[in-house]
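Please read the structure below before turning to the comments.
The values are calculated or read from the model by the stated rules, or taken from the named source; none is laboratory data. Being a predicted model, the structure only gives us computed values, none of them experimental. Methodologically, a virtual Cβ is constructed for each residue, glycine included, from the backbone with ideal geometry; neighbour enumeration extends over all protein chains shown. Keep in mind that these areas ignore ligands, DNA and RNA; they rest on the heavy atoms of the full protein, side chains included. Shrake-Rupley method; radii C 1.70, N 1.55, O 1.52, S 1.80 Å.
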Amino acid sequence: MYDVIVIGSGPGGYVAAIRCAQLGLKTAIVEKYPTLGGTCLNVGCIPSKALLDSSEHYHNAAHTFETHGIKLSNLKVDLKQMITRKNDVVKQNTDGIQYLMKKNKIDVHQGVGSFVDKTTVKVTKDDGTSSDIQGKNIIIATGSKPSTLPFIKIDKDRVITSTETLNLKEIPKHLVVIGGGVIGLELGSVYARLGAKVSVIEFMDSLIPTMDRTMGKELQKSLKKIGFEFFLKHKVTAVESKGKEVTVKAENGKGEIIEVKGDYVLVSIGRKPYTDGLNAEAAGVKITDRGQVEVNDHLQTNVPNIYAIGDVVKGAMLAHKAEEEGVFVAETILGQKPHINYNLIPGVVYTWPEVAAVGYTEEQLKEKGIKYKTGKFPFMASGRARASMDTDGLVKVLADAETDEILGVHMIGPRTADMIAEAVVAMEYRASAEDISRMSHAHPTYTEAFKEACLAATDNRALHI
């Protein structure tokens with residue numbers, strides 16, 4: 001009998017398994033696919049970043065190298081090689097997880113994991129054969145899959161999800177993206193940089209609508225420069241595929257129907273929890289109306305020895321959120337008292353410029369009636385950003401009007417995905433804007449923009465604007 005069985009090997013699952021093993025628990029992990037790593041490593045975070053990097057190199061070669069004094073001729077895209085490199089990056093990462101399982105003496109069972117009862121998991125292989133394994137504790141980490149709308153038929157040829165977008169055989173002439181959230185904008189960016197026209201149809205009145213509105217506005221400005229067009233406040237009513245052309249019909253705010261025609265349509269309206277084949281009812285585990293596994297504050301289901309983490313439970317669908325929860329549950333099982341501050345889990349959009357945020361948005365502070373002050377600093381005023389020709393965007397700091405404690409940090413600009421970590425550390429230790437403004441930041445760096453935004457929030461003392 002195992003101390004812990006983890007069902008699912010994505011970032012939440014494999015991290016949970018490693019932490020359990022580190023704590024001396026006999027651990028097994030069950031994964032239905034032949035490679036470990038879940039959506040994130042196989043068809044999500046990692047491959048999309050590989051293609052984003054490749055396409056950014058091409059875009060710079062085509063648009064900024066000459067200004068840098070680098071002249072090229074006969075520049076062209078080898079999409080097949082880009083995909084090959086992406087696949088190699090994925091393999092390196094999934095092989096790395098396999099190595100970590102061996103290193104930590106975690107048993108890997110390949111097959112679909114389903115409950116027989118609250119301590120027994122059946123593992124069914126592709127050939128239909130199955131075996132049962134027992135565990136004192138079980139962690140559900142089955143993740144999520146792309147959502148769609150009932151009237152849209154995903155044919156995986158012309159009407160596609162993020163998974164198919166990572167393996168296209170050609171650069172679309174016109175990619176229509178349904179959904180102006182993180183995944184759609186990232187994958188849209190890949191192909192816009194390579195020469196595709198990209199049209200984004202979004203139901204809300206802002207891009208990346210869950211983030212601070214300033215970020216959505218600034219990102220829209222930047223993406224327009226590389227060939228995006230936007231239809232905000234448009235409700236998609238139909239998607240019709242005929243030959244090599246797909247027509248998307250959408251209703252605007254006035255009730256008028258518009259049509260957008262493209263050769264590919266990416267349906268990117270979010271993700272939904274994945275529990276297919278889990279047979280949760282056999283263990284008595286409750287699933288909510290939204291398809292999530294119901295958990296308490298300890299990530300424990302209604303069955304005390306069964307836990308759930310990551311995209312399959314409430315909260316933001318983020319790989320690093322799942323990892324934190326994996327560690328949390330492992331330590332909880334051993335009787336420790338871990339803690340997660342969900343407000344301080346950062347969110348990132350890997351477009352260029354990158355968008356990164358942690359803490360409250362300005363809209364949330366207004367809704368809560370919290371008095372705050374704002375400090376902003378544009379990258380246009382950053383020496384480092386001018387040197388690298390990355391002057392789009394800004395850093396926005398929200399601080400408590402009375403105590404000066406930092407309540408939210410929102411960044412759009414170069415390398416903000418990495419820069420946001422400083423804000424997370426500051427907020428974990430409840431730093432004030434004044435604290436950050438008095439810390440030395442190396443010059444010239446992008447991070448000086450964070451210091452300057454904190455100075456701007458502290459009696460409007462920014463030095464370089």
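Residues in the stretch 95-111 that are surrounded by 15 or more Cβ atoms within 10 Å (Cβ to Cβ) and in a loop (DSSP other than H, G, I, E, B): Asn104, Ile106, Gly111.
In the stretch 178-195, the condition of being open to solvent by less than 40 Å² (accessible area, probe 1.4 Å), over 25 Å from Cys40 (Cβ atoms) and not acidic (Asp, Glu) is met by no residue. Sort out which residues of the stretch 365-389 are in contact (Cβ under 8 Å) with a residue 24 or more places away in the chain, within 21 Å of Asn343 (Cβ to Cβ) and part of a helix (DSSP H, G or I), and write them in order of number. Within the stretch 365-389, Leu365 is the sole residue that qualifies. For the stretch 393-440, the set of residues classified as more than 11 Å from Val355 (Cβ to Cβ), part of a loop (DSSP other than H, G, I, E, B) and in contact (Cβ under 8 Å) with a residue 60 or more places away in the chain consists of Pro414, Arg415, listed by residue number. Of the residues making up the stretch 56-77, none is closer than 30 Å to Ser147 by Cα and loosely packed, with under 15 Cβ neighbours inside 10 Å.
Within the stretch 311-329, residues that are in a loop (DSSP other than H, G, I, E, B) reach partners that are charged (D, E, K, R) and open to solvent by less than 10 Å² (accessible area, probe 1.4 Å) with beta carbons closer than 9 Å, at six or more positions or on different chains, in the pairs Val313/Glu325; Gly315/Lys321; Gly315/Glu325.
Restricting Asp78, Asp53 to residues that are farther than 24 Å from Glu354 by Cα and among the acidic types (Asp, Glu) narrows the list to Asp78.
The set of residues in the stretch 130-143 being touching a residue at least 40 places away in the same chain (Cβ under 8 Å), in a strand (DSSP E or B) and open to solvent by 10 Å² or more (accessible area, probe 1.4 Å) consists of Ile133, Gln134, Lys136, Asn137. Based on this model, can you work out whether Ala387 counts as open to solvent by 50 Å² or more (accessible area, probe 1.4 Å), among the small types (Gly, Ala, Ser) and under 27 Å from Glu56 (Cβ atoms)? Yes: the conditions hold for Ala387.
Condition first: in contact with a helix residue (DSSP H, G or I) (Cβ under 8 Å, 6 or more places away or on another chain) and crowded, with 17+ Cβ neighbours inside 10 Å. Now tell me which residues in the stretch 353-373 satisfy that. Across the stretch 353-373, the qualifying residues are Pro353, Glu354, Val355, Ala356, Ala357, Val358, Gly359, Tyr360, Thr361, Glu362, Tyr372, Lys373.
Against the list (1) crowded, with 18+ Cβ neighbours inside 10 Å; (2) at positive phi; (3) of a type in the set (A, V, I, L, M, F, W, C), the condition Ala457 fails is (2).
Has the stretch 40-55 got at least one residue that is open to solvent by 30 Å² or more (accessible area, probe 1.4 Å), in a helix (DSSP H, G or I) and more than 30 Å from Pro414 (Cβ to Cβ)? Among the residues of the stretch 40-55, not one is open to solvent by 30 Å² or more (accessible area, probe 1.4 Å), in a helix (DSSP H, G or I) and more than 30 Å from Pro414 (Cβ to Cβ), which makes the answer no. Only one of the numbered conditions (1) open to solvent by 10 Å² or more (accessible area, probe 1.4 Å); (2) touching a Lys or Arg at 6+ places or on another chain (Cβ under 9 Å); (3) part of a helix (DSSP H, G or I) is not met by Pro444, and that is (3). Mind checking whether some residue in the stretch 99-116 is within 27 Å of the chain's Cα centre (by Cα) and without any contact (Cβ under 8 Å) to a residue 24 or more places away in the chain? Yes, the stretch 99-116 contains at least one residue that is within 27 Å of the chain's Cα centre (by Cα) and without any contact (Cβ under 8 Å) to a residue 24 or more places away in the chain.
Within the stretch 341-352, the only residue that satisfies the criterion of being over 21 Å from Cys454 (Cα atoms), open to solvent by less than 50 Å² (accessible area, probe 1.4 Å) and either out of contact with any Asp or Glu (no Cβ under 8 Å at 6 or more places or on another chain) or outside any strand (DSSP E or B) (or both) is Thr351. Taken as a whole, the condition of being of a type outside the set (Asp, Glu), in a loop (DSSP other than H, G, I, E, B), at pLDDT 95 or above and within 30 Å of Asp289 (Cα to Cα) applies to Thr275.
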